[in-house]
Amino acid sequence: NAGVTQTPKFRVLKTGQSMTLLCAQDMNHEYMYWYRQDPGMGLRLIHYSVGEGTTAKGEVPDGYNVSRLKKQNFLLGLESAAPSQTSVYFCASSYGRVNTGELFFGEGSRLTVL
Amino acid sequence: DQQVKQNSPSLSVQEGRISILNCDYTNSMFDYFLWYKKYPAEGPTFLISISSIKDKNEDGRFTVFLNKSAKHLSLHIVPSQPGDSAVYFCAASALGNQFYFGTGTSLTVIP
C-alpha cells in the first residue's frame, strides 16, 4: 500500500520555466491538498480538491494552478516559476472533511527556482 | 496572519522525562485539532487529535490537552524517548474546512 506518492522528489528550475508536480493516492480518498513548507512559516495550503473535477483555493494560491481529472491524482502546476516558489511541497489526502479524520501526507517534493 | 502559533521553535528534554509542546490559536471557530510529527526528508505523520467537545485525549505515551477559553492546546509525551526527536506541528480546522498549521517545534530527546 503506497499511500500518497509525489513525483518528482527534487527539481531545480530556472526563473520563468514551468513544471508540474504529480500526486497520486491509492486510498480512494475524496479530498486532496497541496501544501508548501517554508522555514518559519509552517505548512500553508495552496489549493485543495473535494472530489474529482473540483478544485478550490487555499491560503497561498497565487502563481499555481491545479487539476483533479482523476480521483486518485492531483496535479500542481507552476506556469512561470519564481525564486519565491522555492520550497518543499507536500501533497495530502483525506477520506472526507478534515474534522472526520486525519490527513495523509506524501514524502514531499523539494523545488529550487534559480 | 498566523492563526495557529507555536512560539517555541525548539525544545530539548532528557530521555524518560516529560516533553510538553504548546500551541496557541486565535480563531474561536476552530473545533478540531491535530498534532503531526515530522522526521527529516519525510512527510508529516498523524499523531493524535482532539475535538473541541473534549478537553483531553490520550493515546499511549501521548496526551493532548485543550483549553478552549485560553485558545491553547498542548501535547505531553511521557516518558520521552530518543525516537521522539522530530518536528511537531499542531493544526486546527473550523467546521471541517482546511487545516491551519503552526510553524512547528523541533523536539530533541537527549539519551
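The values are calculated or read from the model by the stated rules, or taken from the named source; none is laboratory data. Please read these numbers as outputs of a predicted model, since none were measured by experiment. Cβ placement follows ideal geometry from the backbone for every residue including glycine, while neighbour counts extend to all protein chains displayed.
So, A:Tyr48, is that one modelled with pLDDT under 95, under 29 Å from B:Gln6 (Cβ atoms) and assigned to a strand (DSSP E or B) or not?
Numbers: modelled with pLDDT under 95: yes; under 29 Å from B:Gln6 (Cβ atoms): yes; assigned to a strand (DSSP E or B): yes.
It is true that A:Tyr48 is modelled with pLDDT under 95, under 29 Å from B:Gln6 (Cβ atoms) and assigned to a strand (DSSP E or B).
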* To do: Output the residue which, of all residues in the stretch B:28-74 that are within 14 Å of another protein chain (Cβ to nearest Cβ), exposed (fewer than 15 other Cβ atoms within 10 Å of the Cβ) and in contact with a strand residue (DSSP E or B) (Cβ under 7 Å, 6 or more places away or on another chain), is farthest from A:Cys23 (Cα to Cα).
  => B:Lys54
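Can you confirm whether B:Ser12 is surrounded by fewer than 15 Cβ atoms within 10 Å (Cβ to Cβ) and over 27 Å from A:Tyr33 (Cα atoms)? Even if it seems obvious, please write down each step before you answer.
Working: surrounded by fewer than 15 Cβ atoms within 10 Å (Cβ to Cβ): yes; over 27 Å from A:Tyr33 (Cα atoms): yes.
Answer is yes for this residue.
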* Asked: Quick check, is A:Ser87 in contact with a strand residue (DSSP E or B) (Cβ under 8 Å, 6 or more places away or on another chain), farther than 20 Å from B:Ser93 by Cβ, buried (at least 16 other Cβ atoms within 10 Å of the Cβ) and among the hydroxyl-bearing types (Ser, Thr, Tyr)?
  -> yes
* To do: Answer yes or no: is there a residue in the stretch B:68-83 that is within 21 Å of A:Tyr89 (Cα to Cα) and either more than 10 Å from the chain's Cα centre (by Cα) or without any contact (Cβ under 8 Å) to a residue 24 or more places away in the chain (or both).
  => no
* **Residue among A:Val60, A:Val66 that alone is under 11 Å from the mean Cα position of the chain (by Cα), among the β-branched types (Val, Ile, Thr) and either closer than 30 Å to B:Asn7 by Cα or in a strand (DSSP E or B) (or both)** => A:Val66
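How about the stretch A:33-71: which of its residues are under 22 Å from B:Cys90 (Cβ atoms) and either more than 10 Å from every other protein chain (Cβ to nearest Cβ) or exposed (fewer than 14 other Cβ atoms within 10 Å of the Cβ) (or both)?
Of the stretch A:33-71, the ones under 22 Å from B:Cys90 (Cβ atoms) are A:33-46, A:48, A:58-60.
A:Trp34, A:Arg36, A:Pro39, A:Gly40, A:Ile46, A:Val60, listed by residue number.
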* Within the stretch A:1-45, which residues are closer than 16 Å to A:Val66 by Cα, touching a residue at least 24 places away in the same chain (Cβ under 8 Å), assigned to a strand (DSSP E or B) and not aromatic (Phe, Trp, Tyr)? -> A:Gln6, A:Thr7, A:Met19, A:Thr20, A:Leu21, A:Leu22, A:Cys23, A:Ala24, A:Gln25, A:Met32, A:Arg36
* Would you tally the residues in the stretch B:1-53 being hydroxyl-bearing (Ser, Thr, Tyr) and either in a strand (DSSP E or B) or touching a Gly at 6+ places or on another chain (Cβ under 9 Å) (or both)? => 9
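Within the stretch A:69-114, which residues are farther than 17 Å from A:Leu13 by Cα, touching a residue at least 60 places away in the same chain (Cβ under 8 Å) and part of a helix (DSSP H, G or I)?
Going residue by residue through the stretch A:69-114, those that are farther than 17 Å from A:Leu13 by Cα are A:69-75, A:90-107.
The next check asks that each one be touching a residue at least 60 places away in the same chain (Cβ under 8 Å); those that pass are A:90-98, A:103-107.
Within the stretch A:69-114, just A:Val98 meets the criteria.
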